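Worksheet for the structure shown next.
The values are calculated or read from the model by the stated rules, or taken from the named source; none is laboratory data. All values reported here derive from a predicted model rather than from experimental measurement. Here the Cβ positions follow ideal geometry from the backbone for every residue, glycine too, while neighbour counts run over all protein chains shown. Only protein heavy atoms, including side chains, enter the accessible area calculation; ligands, DNA and RNA are left aside. Shrake-Rupley method; radii C 1.70, N 1.55, O 1.52, S 1.80 Å.
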Amino acid sequence: MATAEEVVRYQVEVALTWDGTEADGHPADKHWSRLIAFAHSSRFALFDDGDTAASGLALVATNGRVSVLEAELAEGRRRGRVGAHVVLPGIDAGVGRFSFEIEATERQRFVSFATMLAPSPDWFAGVSAVALQDAVGWRNSVTRPLWVWDAGADSGPDFQGPNIDTQPRQSVRLLTHPAFLTPAGLSPVGTVTFIRLP
């Protein structure tokens, strides 16, 4: 088992496959905002299904701004709950890739990230608290699907609709917009893979 001082590095590959057409209800100008990712302890959560989004996540989801979330991470870091974080430039298409390295430790062995699906009211893709360690030790690789989430901060009904501030803020939940529904159910918009580096 790693000690608190050991730093373990992971390569993170975020493959986004949002290729829906206008005929299927998707916008022509699909793109992704900046992605913000960070390592953290079990005492910090980016989002949980059914919980209310903090201001930082709400702003990432509504307009791609990361500054408030970075301030929340700084406070979490001061309390020992947040470790390394990275911010990557956005992608000017629905299909693309974010690629980065991140450091984890025994205390901060979870990773979360978010990027705004744009244009949209407050929809985002990301993961919350992916565990890079199990009962045996550090995991060599972890892969997760990426779903579209509704941050509960804007009640706009569609991609290009007007901003409608939601008060009080609703809970974070999986987005069930028709554009992401198939006969088999909700369709993911990509995958993320964490690979432990030597």
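A compact table of results
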{"read-out": "Residue within the stretch 101-117 that is at pLDDT 95 or above, over 12 Å from ARG34 (Cα atoms) and in contact with a Lys or Arg (Cβ under 7 Å, 6 or more places away or on another chain) present", "value": "yes"}
{"read-out": "Hits in the stretch 55-111 (condition: farther than 21 Å from ALA131 by Cα and in a loop (DSSP other than H, G, I, E, B))", "value": "GLY64, ARG65, VAL66, PRO89, GLY90, ASP92, ALA93, GLY94"}
{"read-out": "Residues of the stretch 92-124 satisfying the condition of being closer than 14 Å to GLU13 by Cα and among the aliphatic types (A, V, I, L, M)", "value": "VAL95, ILE102, VAL111, ALA114"}
{"read-out": "Answer from VAL7, VAL68, VAL60, VAL14 - the residue that is touching a residue at least 40 places away in the same chain (Cβ under 8 Å), open to solvent by 10 Å² or more (accessible area, probe 1.4 Å) and either of a type outside the set (Asp, Glu) or in contact with a Phe, Trp or Tyr (Cβ under 7 Å, 6 or more places away or on another chain) (or both)", "value": "VAL7"}
{"read-out": "VAL87 under 29 Å from LYS30 (Cα atoms), among the hydrophobic types (A, V, I, L, M, F, W, C), surrounded by fewer than 17 Cβ atoms within 10 Å (Cβ to Cβ) and in contact with a strand residue (DSSP E or B) (Cβ under 6 Å, 6 or more places away or on another chain)", "value": "yes"}
{"read-out": "Pairs where the first residue, in the stretch 23-45, is basic (Lys, Arg) and the second is modelled with pLDDT of 95 or more and part of a loop (DSSP other than H, G, I, E, B), C-beta under 7 Å, 6+ apart", "value": "LYS30/TRP18; LYS30/ALA93; LYS30/GLY94; ARG34/GLY64; ARG34/VAL66; ARG34/PRO89; ARG34/GLY90; ARG43/ARG81"}
{"read-out": "Of the criteria (1) open to solvent by 60 Å² or more (accessible area, probe 1.4 Å); (2) touching a Ser or Thr at 6+ places or on another chain (Cβ under 9 Å); (3) farther than 16 Å from MET116 by Cα, which one GLU75 fails", "value": "(2)"}
{"read-out": "Inter-residue pairs, beta-carbon under 8 Å, first over 19 Å from PHE38 (Cβ atoms) and in the stretch 131-148, second exposed (fewer than 13 other Cβ atoms within 10 Å of the Cβ), 6+ apart", "value": "GLY137/MET1; TRP147/LEU174; VAL148/LEU174"}
